[in-house]
Amino acid sequence: MWVAIIVLFAIWIPDTFMTEGNFRIIAGDQAITAMLAIGLIVPLAAGVFDLSIAGVMGFSVAMVSYQLSKGISAPIAIITTLLCGALIGAVNGFVVVKLHVDSFIATLGMSSILLAGTYWVTDGKQITEGFTDGFLDLGSKPFLGLPLPFFYMIAVAAVMYVILEKTPLGRYLYATGGNRQAARLAGLRVERIMFGALVTSATVAALTGVILAAKLGTAAPDIGPSYLLPAFSAVFLGSTQIRAGRVNVLGTLIAIYLLATGVKGLQLAGAPSYVNDLFNGLALIVAVALAARTARRA
């Protein structure tokens, strides 16, 4: 399907679509969404939702930016933000595993709390001061003609692919998500696996927030929520690719760039600005329908 979309726009708008700059923009711009989606794979593989992942990312952008604006060194600000992300994941895990709150409800509530926290940290304003050149280089400096976030995304995807596809831990995650009761009877500590999955997704989201802050050089209080729908669309659409019927890293990467290519092509063809949300929303519905159909056939 991805190739078909590229061919469609190559014929429709060849002068603006088939350019090196356009493909470089698509590769770089989607690195943030891709990292967020890759982190989201872990709890979904374990059978739990993490709707707070975009909120964690937005809160992390605010956290690291606020610390830099107060003169705290970049390494300390980054480490503190990552620890804060892990702590949010631990709170999610405690509420889901120990208090037995449905993960959908628990992380949705956390998402709202984090949005309030982001406005509190930023005082409802953009933070534009305190960003050092070294910190900004982490998000904008090119390497081999592409921005560094693209290579961070590749590294995170490679690590997550190995864990999920090549290690016993990955099999335990999928077993927990496939049939929790059967996994428990087989001796797996499913509560610990679910807890760890939520901590992992929140930590990856915090890392993504740090990179996004370095890329933008500013922190807006409402930056996180807009990334939630594209991340979920990519993961569910990715579950119909490569390893049909289950969330997976390679399928998610294909889905990310399939969606990005479609949206960018429509924008270059003169589509209105709301096409991004429209395209991602339609993709999410189609992806979930295809995933459900694949599951029924399995």
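The values are calculated or read from the model by the stated rules, or taken from the named source; none is laboratory data. Since this is a predicted model, take the numbers as computed values, not measurements. Don't worry about glycine lacking a Cβ; one is built from the backbone with ideal geometry, like all the others, and counts go over all protein chains shown. For the accessible areas, the whole protein counts, side chains as well, though only heavy atoms, and no ligand, DNA or RNA atoms are used. Shrake-Rupley method; radii C 1.70, N 1.55, O 1.52, S 1.80 Å.
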Among the numbered criteria (1) over 27 Å from ILE154 (Cβ atoms); (2) in contact with a Leu (Cβ under 9 Å, 6 or more places away or on another chain); (3) assigned to a helix (DSSP H, G or I), which single criterion is violated by PRO221?
(3)
Going through segment 70-79 one residue at a time, which ones are within 20 Å of TYR119 (Cβ to Cβ) and open to solvent by less than 50 Å² (accessible area, probe 1.4 Å)?
ALA77
Kindly check whether there is at least one residue in segment 117-137 that is open to solvent by less than 50 Å² (accessible area, probe 1.4 Å), touching a strand residue (DSSP E or B) at 6+ places or on another chain (Cβ under 7 Å) and hydroxyl-bearing (Ser, Thr, Tyr).
yes
Within segment 231-242, how many residues turn out to be farther than 19 Å from PHE23 by Cα, part of a helix (DSSP H, G or I) and open to solvent by less than 40 Å² (accessible area, probe 1.4 Å)?
6
Being closer than 22 Å to VAL48 by Cβ, assigned to a loop (DSSP other than H, G, I, E, B) and open to solvent by 40 Å² or more (accessible area, probe 1.4 Å) is the filter here, so list the residues in segment 243-293 that pass it.
ARG243, ALA244, GLY245, ARG246
Can you tell me how many residues within segment 94-105 are under 20 Å from the mean Cα position of the chain (by Cα) and either surrounded by fewer than 18 Cβ atoms within 10 Å (Cβ to Cβ) or modelled with pLDDT of 95 or more (or both)?
2
Check whether at least one residue in segment 8-24 is outside any helix (DSSP H, G or I), at negative phi and either modelled with pLDDT of 95 or more or open to solvent by 50 Å² or more (accessible area, probe 1.4 Å) (or both), and report yes or no.
yes
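This table checks each residue for (1) in a helix (DSSP H, G or I); (2) of a type in the set (A, V, I, L, M, F, W, C); (3) open to solvent by 30 Å² or more (accessible area, probe 1.4 Å); (4) more than 19 Å from ARG246 (Cα to Cα).
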residue	(1), (2), (3), (4)
ARG192	yes, no, yes, yes
PHE195	yes, yes, yes, yes
ALA205	yes, yes, no, yes
THR208	yes, no, no, yes
Among the residues of segment 40-63, is there at least one that is at pLDDT below 80, in contact with a strand residue (DSSP E or B) (Cβ under 8 Å, 6 or more places away or on another chain) and either open to solvent by less than 10 Å² (accessible area, probe 1.4 Å) or among the small types (Gly, Ala, Ser) (or both)?
no
